[in-house]
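In what follows, a structure is listed as structure tokens, so that the remarks can point back to it.
The values are calculated or read from the model by the stated rules, or taken from the named source; none is laboratory data. Everything quoted here is computed from the prediction, not taken from an experiment. A quick note on method: Cβ atoms are made from the backbone with ideal geometry, for glycine too, and the neighbour counts reach across all protein chains shown. Keep in mind that these areas ignore ligands, DNA and RNA; they rest on the heavy atoms of the full protein, side chains included. Shrake-Rupley method; radii C 1.70, N 1.55, O 1.52, S 1.80 Å.
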Amino acid sequence: MSYLMIFITAIFVNNIVLSQFLGICPFLGVSKKISTAAGMGGAVTFVMVLSTIVTYIIYHAVLLPYNLNFMITVTFILVIASLVQMVEIILKKMSPLLYQALGIFLPLITTNCTVLGVSLLVIQKDFDLAHAVCFALANALGFTLAIVLFAGLRERLALVNLPKAVQGAPIALITAGLLSMAFMGFSGIGN
């Protein structure tokens with residue numbers, strides 16, 4: 001599979017949030033402002049790419065040769081948790097405003113199923129390291145695109161006088177569903 005095809009399908013056709021429905025918690029929770037959503041997307045991108053590289057190496061250097069495949073999920077979660085702690089420390093020192101804006105959702109990257117899901121999909125699809133990094137970066141960019149688009153829509157919806165029954169979570173879920181349906185229009189591209 002070519003790198004360009006991996007990028008197109010991961011970002012648009014099989015978007016990790018809008019098509020595969022992974023990472024819904026931060027998608028709904030950190031999408032009220034575009035700046036916060038972009039910051040979350042950047043943090044997820046960094047963690048996803050780095051964790052994919054590290055988990056790929058650990059899988060092929062330790063788990064596979066020693067027949068420890070049953071430890072894959074636990075090992076990957078520990079690696080991701082460690083990387084998130086590193087990102088949290090870096091953000092706290094370098095960008096305190098972004099650190100505060102992300103709040104509880106920054107530690108939740110540890111349990112963000114997109115990060116773990118991409119690491120596991122790389123192994124499942126039997127990618128080499130270069131394709132694995134490309135796949136992780138494309139999925140991270142797809143996550144970022146989805147969350148930033150959704151944040152933009154939610155910012156616009158905040159300016160509209162909506163009926164009380166659909167304010168808050170109901171309109172957010174309706175909007176997410178419509179955004180997901182819009183991305184279904186790309187489904188013929190990867191074939």
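Entry note, the range 59-148: relative contact order of 22 percent, from Cα contacts under 8 Å with a spacing of 6+ residues.
Using C-alpha pairs under 8 Å with a sequence gap of at least 6, the mean separation divided by the residue count of the chain gives a relative contact order of 44 percent.
Computed about the Cα centre, the dipole magnitude for the chain is approximately 560 debye when only Lys and Arg (+1) and Asp and Glu (-1) carry charge, each at its Cβ. The residues of the range 77-178 expose, per residue, 53 Å² of accessible area to a 1.4 Å probe. Each peptide in 123-129, 57-63 receives the mean, over its residues, of other Cβ atoms within 10 Å, and ordering these scores from highest gives 57-63, 123-129. Cross-link pairs exceeding 30 Å in C-alpha to C-alpha distance, out of Lys92/Lys164; Lys33/Lys93; Lys93/Lys125; Lys32/Lys93; Lys33/Lys164, comprise Lys92/Lys164; Lys93/Lys125. Its relative contact order, with pairs defined as Cα atoms under 8 Å and 6+ residues apart, puts the range 1-108 at 26 percent. Which of these values of mean projected area of the Cα convex hull in nm² was calculated from the structure shown: (1) 12.4; (2) 13.0; (3) 11.6? Given (1) 12.4; (2) 13.0; (3) 11.6, the structure-derived one carries the label (3). Taken as Cα centroids, the range 154-191 and the range 123-146 sit 25 Å apart, rounded to the nearest whole angstrom.
Between 0 and 90 degrees, the angle of helix 129-158 with respect to the longest Cα principal axis of the chain falls at about 10 degrees.
Would you mind counting up the charge near Ala151? Only other residues with Cβ under 9 Å from its Cβ, with Lys and Arg at +1 and Asp and Glu at -1.
Details: positive: Lys32, Lys33, Arg154; negative: Glu155.
Every neighbour counted, the sum reads +2.
Across the accessible surface of the chain, with the other protein chains kept in place and a 1.4 Å probe, carbon and sulfur atoms take up 71 percent.
In terms of the mean number of neighbouring beta-carbon atoms within 10 Å, the peptides 87-97, 18-28, 112-122 order highest first as 112-122, 18-28, 87-97. Between helix 34-58 and the chain there is an angle of about 10 degrees, using the helix long axis and the longest principal axis of the Cα atoms. Relative to the dominant Cα principal axis of the chain, helix 72-94 is inclined by about 60°. When the chain is described by a simple charge dipole with +1 on each Lys and Arg Cβ and -1 on each Asp and Glu Cβ, the residue from Ala81, Gly23, Ser2 located farthest towards its positive end is Gly23.
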